[in-house]
Amino acid sequence: MQIIILPTADDVAHYAADRVADVVNTHGNPVLGLATGSTPIALYQELVARYQANALSFKGCVSFNLDEYIGIPDTHNQSYRAFMDHHLFEQIDIERTNTHVPLAEATDVKALEHSAKAYELAIQQAGGIDLQILGIGVNGHIGFNEPTSSFASRTRIKTLSKSTVEANKRFFSDDEFQPHLALTMGIGTILQAKAVLLMATGKGKADAVKAMVEGPLSSMCPASVLQQHERATIVLDEDAASEL
Ligand code: GLP
């Protein structure tokens with residue numbers, strides 16, 4: 001696990017954009033693993049800026065997102081598909097058919113399980129993920145792999161923990177339905193990425209970062225599994241690193 005501490009959140013976004021650009025420019029058929037949440041927004045802004053400056057092209061790139069809510073349609077403005085379209089895909093030259101976000105619109109378990117299996121297969125058929133971008137939840141989750149998730153887990157239905165529902169409340173209005181379930185890549189799926197880059201910024205993440213980096217390998221802090229990945233980089237601003 002390589003730890004990089006940079007002065008500001010902007011520096012973290014620039015570092016992450018350099019890593020993404022490196023994969024996009026050097027791999028024949030680059031496969032990116034992408035994340036949602038507030039943290040990677042600055043990364044996506046930086047990638048859009050580089051594309052607009054003709055410094056980066058995503059033609060031929062394939063992407064797989066970590067997770068999607070169950071219970072709201074793709075067209076809902078808080079769906080992760082809508083998030084990715086808005087913050088990245090619609091602003092760069094990636095082909096829409098090359099962008100994958102777990103399909104989680106179905107309402108019956110069998111169809112969702114089928115969708116999860118198909119997602120795993122699609123990742124394999126694309127040749128695996130070259131670089132997986134991750135954020136971290138305040139409880140140490142990665143994707144929507146909440147504490148107690150098996151380190152061997154694959155894409156599946158997951159119930160969100162209380163603290164995750166609470167943390168994501170800010171995106172939904174008071175009278176609106178807020179999902180409590182998600183379809184998420186598993187920890188085993190994430191570990192298979194050839195390289196992983198976890199971004200964390202702000203004081204709110206300092207405790208989770210400490211548990212991930214200095215704590216024991218434990219399913220109570222799913223991100224701690226990255227201690228075992230041979231090519232995992234953790235890039236932090238000074239606030240997120242303040243408890244180390
Ligand atoms: C969500 C996502 C995670 C993300 C986390 C932290 O729960 N499923 O992938 O890392 O939120 O988000 P933020 O960056 O907004 O703190």
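The values are calculated or read from the model by the stated rules, or taken from the named source; none is laboratory data. Please read all numbers here as calculations on a predicted model, not as lab measurements. All Cβ positions, glycine included, derive from the backbone under ideal geometry; neighbour counts span all protein chains shown.
Structure notes:
- Residues considered: THR8, THR99. Of these, the only one that is over 19 Å from GLY128 (Cα atoms) and either out of contact with any helix residue (DSSP H, G or I) (no Cβ under 8 Å at 6 or more places or on another chain) or free of Cβ contacts under 8 Å to residues at least 40 places away in the same chain (or both) is THR8.
- Residue satisfying condition, being closer than 28 Å to LYS169 by Cα, of a type in the set (Phe, Trp, Tyr) and within 12 Å of the ligand (Cβ to nearest atom), within set PHE64, PHE83, PHE89: PHE83
- Only listed residue being more than 15 Å from the ligand (Cβ to nearest atom), under 18 Å from the mean Cα position of the chain (by Cα) and over 19 Å from ARG96 (Cβ atoms), chosen from ALA13, ALA21, ALA49: ALA21
- Residue match in segment 149-156 (condition: modelled with pLDDT of 95 or more and under 14 Å from ILE70 (Cα atoms)): yes
- Selection from segment 74-99 of residues that are touching a Phe, Trp or Tyr at 6+ places or on another chain (Cβ under 8 Å) and surrounded by 20 or more Cβ atoms within 10 Å (Cβ to Cβ): SER79, TYR80, LEU88, ILE94, THR99
- Which listed residue, of LEU6, LEU56, LEU43, is surrounded by 17 or more Cβ atoms within 10 Å (Cβ to Cβ), over 21 Å from VAL209 (Cβ atoms) and aliphatic (A, V, I, L, M): LEU56
- Residues that are surrounded by fewer than 23 Cβ atoms within 10 Å (Cβ to Cβ), in contact (Cβ under 8 Å) with a residue 12 or more places away in the chain and more than 11 Å from the ligand (Cβ to nearest atom), drawn from segment 150-178: SER150, PHE151, ALA152, SER153, ARG154, ARG156, ILE157, THR159, PHE172, PHE177, GLN178
- Selection count, segment 20-35, where residues are buried (at least 23 other Cβ atoms within 10 Å of the Cβ), not small (Gly, Ala, Ser) and not in a helix (DSSP H, G or I): 2
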